[in-house]
1. Note down the net charge around Gln115, summing +1 for each Lys or Arg and -1 for each Asp or Glu among other residues with Cβ under 12 Å from its Cβ.
2. If all Cα-Cα distances of the range 33-155 are sorted into 10 Å bins from 0 onward, what percent lands in each bin, rounded to whole numbers?
3. With charges only on Cβ, +1 for K and R and -1 for D and E, what is the dipole size of the range 33-155 about its Cα centre, in debye, rounded to 20?
4. Give me the extension gain from Ser92 to Glu130: residue separation times 0.36 nm, minus the current Cα-Cα distance, reported in nm with one decimal.
5. Could you compute the FRET efficiency for Asn121 and Gln56, with r as their C-beta to C-beta distance and R0 at 22 Å, rounded to 0.05?
Amino acid sequence: MLAESNEIGDPPWRSATGTDSRTASLKEYKMERDTLLQSCIDNCTVCHATCTTTLQYSIEKAGRYAEAIHLRRLQDCAETCATGLDFMLRGSDLHPYTCGVCAEACDRCAQSCEQIASATNDPVLKDCAETCKRCAQTCHEMSKRADKAAHAKTAH
């Protein structure tokens with residue numbers, strides 16, 4: 001098992017002096033990530049790609065698909081997924097907070113896609129809504145870590 005972080009937010013393979021002292025490969029490091037973190041990374045990756053492509057699809061479909069609020073929901077979701085993903089991949093101790101914002105954006109995007117999909121029976125929007133729901137679920141779980149960490153700090 002890899003050692004604990006030396007500094008807040010430092011990945012376990014970084015030494016106290018800030019130099020790369022990895023003895024394990026990056027692949028092994030990824031395998032050591034906890035399951036929730038890896039699941040959240042995976043879901044944010046897929047959700048970012050899905051919302052980005054659904055945004056373009058919606059613009060091309062026009063009409064109800066291209067309403068400003070719907071396009072904004074897709075864009076917000078894609079961008080917050082990318083931000084949350086970046087924070088998780090680099091081991092930022094702020095990632096639970098970005099995941100909270102991401103979860104909210106994913107919930108809103110899922111709702112927007114579901115509304116249009118229910119009226120149009122569109123499989124692309126149905127898939128996007130389901131992808132956003134999965135991402136929102138893991139991001140909500142990750143954001144709970146921030147709540148627990150804040151509670152632990154105030155308890156000491």
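1. Spelling it out: positives minus negatives among the neighbours equals +1.
2. 15, 45, 25, 12, 3, 0
3. My answer is approximately 200 debye.
4. 10.9 nm
5. 0.60
All of the numbers you see were taken from the coordinates with simple rules; none came from a lab. Please read all numbers here as calculations on a predicted model, not as lab measurements. All Cβ positions, glycine included, derive from the backbone under ideal geometry; neighbour counts span all protein chains shown.
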